[in-house]
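Scroll down for the structure; my scribbles are underneath it.
The values are calculated or read from the model by the stated rules, or taken from the named source; none is laboratory data. Everything numeric in this text was worked out from a predicted model, so none of it was measured. Here the Cβ positions follow ideal geometry from the backbone for every residue, glycine too, while neighbour counts run over all protein chains shown. In case anyone asks, the SASA skips ligands and DNA or RNA and just uses the protein heavy atoms, side chains included. Shrake-Rupley method; radii C 1.70, N 1.55, O 1.52, S 1.80 Å.
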Amino acid sequence: MKTVSVNGRDYHWPKAPLVVICCDGSEPAYMEIAMQQGLMPNLKKMIAKGENLRGLSAMPSFTNPNNLSIVTGRPPAVHGICGNYLIDPATGQETMMNDPKWLRAPTIFAAFQQQGAKVAVITAKDKLRLLLGKGLVFDGTAVAFSSEKADKATLKDNGIENVCAMVGMDVPEVYSAELSEFVFAAGVKLLASMKPDLMYLSTTDYVQHKYAPGSRGANAFYAMMDKYLGQLDAGGATIVIVADHGMKDKHLPNGEPDVIYLQDVLDRKFGSGKTKVILPITDPYVVHHGALGSFATVYVYGPAVADVMAEIKSQPGIDVVVNRADGCARFELPEDRTGDVIVISGGPAASKVIGTSREKHDLSGLKEPLRSHGGLTEQEIPVISNRKLAHLPKTLRNFDAFFIGCNNLAEA
């Protein structure tokens, strides 16, 4: 049997096109409720002949670290992408982590293409496309593009052109359910025309930030998704569905965000400039979360790290405070890209999020009560397959998706 080795794992060549779907922000309850209400009949049929399991995301439970974990088959300690945002160890400057230079491990796609596979990578937002497509050669055997910039796709940079005509949709608004629908619609078209060996479909969590499981807006999204799942299943693909993270309400009973502005707390205690709070959720698309999530790192300049940790621990709603070495070992993170202290919030209601300074967060774009992620309470994710699986690890991780799709299919 032909195998491909990448990042210390051996992947068998898939017997049928393998489609891994990362449904962004998809708390397990979303699909469970939609199925109970009869809105996902195709998913129900897939599960009847396959699996409906649970797994854990990588930490922090944010988009970029988990998408890169899924496509490398390894946690951030290996691939290096530990957030959307960091302090560059080389320059000391705060910066986005969207550039492929930050990725330390090859993707499963690049390794398979080098062995002769055809690969298709479709993501909703363009921020991920360069990272996911790193190492691909656009020679007719690979495509990688985003819904957000589908109209700008070229053969040279994306391996495909005229995407909107192929899909039959215009480029959707970035803050919309249609941005994810474009991903599914393009996947169905390429499965039939390109017949890739591996396909990765990664959506956006705009809907999940906006709507709770079982709500009208959420149900409409999952009914839409179900239509495309049926078409992918009918196309003969092996399908594995995971999520990059879950999603929880992060607001007080009156609807206001439940925030601890940690930089303000530390400045009052230790003085300005003595600590720096970094929020790895920070990205260019902050309308639906205001850069507020349940994971932060703190750089310490002067005070004893133990004193800073003690002050953070005294704040209500803080679940975990650990130093860099212990936290990176526990959460499989790269030490050189992590602050001196790791902080995870939640509290009894799992509702607490972390901000820097109150004045630095523009929450005017939040039109509904805040829903967000990043903590341990958003780690549980669905692992769903349209094939029976065998010999699974005791704890499934979302970054096992390609491995189980290649290696763990039960014999019919």
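For this structure, a couple of remarks:
- V322 vs. criteria β-branched (V, I, T) and over 26 Å from Y30 (Cβ atoms): yes
- Verdict on P17 being open to solvent by 10 Å² or more (accessible area, probe 1.4 Å) and within 17 Å of L229 (Cβ to Cβ): yes
- Any hit, region 31-42, residues being charged (D, E, K, R) and in contact with an Asp or Glu (Cβ under 9 Å, 6 or more places away or on another chain): no
- Q231 being part of a helix (DSSP H, G or I), of a type outside the set (A, V, I, L, M), open to solvent by 30 Å² or more (accessible area, probe 1.4 Å) and over 16 Å from F145 (Cβ atoms): yes
- Strands (runs of 3 or more DSSP E) contained in region 298-412 and holding at least 3 residues within 22 Å of S61 (Cα to Cα) and among the aliphatic types (A, V, I, L, M): 318-323, 341-345, 380-385
- Residue count for region 208-219, restricted to those that are modelled with pLDDT under 95 and either open to solvent by less than 20 Å² (accessible area, probe 1.4 Å) or closer than 10 Å to S26 by Cα (or both): 1
- Selection within region 327-359: residues that are charged (D, E, K, R) and either buried (at least 18 other Cβ atoms within 10 Å of the Cβ) or touching a residue at least 12 places away in the same chain (Cβ under 8 Å) (or both). The member of this set that is nearest to D264 (Cα to Cα) is R358.
- Here G255 passes the criteria (1) touching a Pro at 6+ places or on another chain (Cβ under 6 Å); (2) closer than 20 Å to L128 by Cβ except the one numbered (2).
- Odd one out for G255 among (1) at negative phi; (2) over 24 Å from the mean Cα position of the chain (by Cα): (1)
- Subset of region 292-324 (residues that are open to solvent by 50 Å² or more (accessible area, probe 1.4 Å), free of Cβ contacts under 8 Å to residues at least 40 places away in the same chain and under 25 Å from L68 (Cβ atoms)): N323, R324
- Residues located in region 4-23, provided they are in a loop (DSSP other than H, G, I, E, B) and at pLDDT 95 or above: N7, G8, W13, P14, A16, P17, C23
- Test: residue in region 145-168 that is of a type in the set (A, V, I, L, M), farther than 20 Å from Y228 by Cβ and surrounded by 24 or more Cβ atoms within 10 Å (Cβ to Cβ): no
- Just one of the listed residues (D197, D249, D244) is closer than 30 Å to D170 by Cα, touching a residue at least 24 places away in the same chain (Cβ under 8 Å), open to solvent by 30 Å² or more (accessible area, probe 1.4 Å) and not hydrophobic (A, V, I, L, M, F, W, C), and it is D197.
- Screening F138, F109 for residues that are over 25 Å from T338 (Cα atoms) and buried (at least 21 other Cβ atoms within 10 Å of the Cβ) leaves exactly one candidate, F109.
- Subset tally (residues that are closer than 12 Å to L68 by Cα and in a loop (DSSP other than H, G, I, E, B)) for region 120-137: 2
- Within region 24-62, being in contact with a helix residue (DSSP H, G or I) (Cβ under 8 Å, 6 or more places away or on another chain) and either among the aromatic types (F, W, Y) or modelled with pLDDT under 95 (or both) holds for one residue alone: Y30.
- One residue from A117, A186 being small (G, A, S) and not in a loop (DSSP other than H, G, I, E, B): A186
- Residues located in region 189-213, provided they are over 18 Å from V119 (Cα atoms), more than 15 Å from the chain's Cα centre (by Cα), assigned to a loop (DSSP other than H, G, I, E, B) and of a type outside the set (S, T, Y): A212, P213
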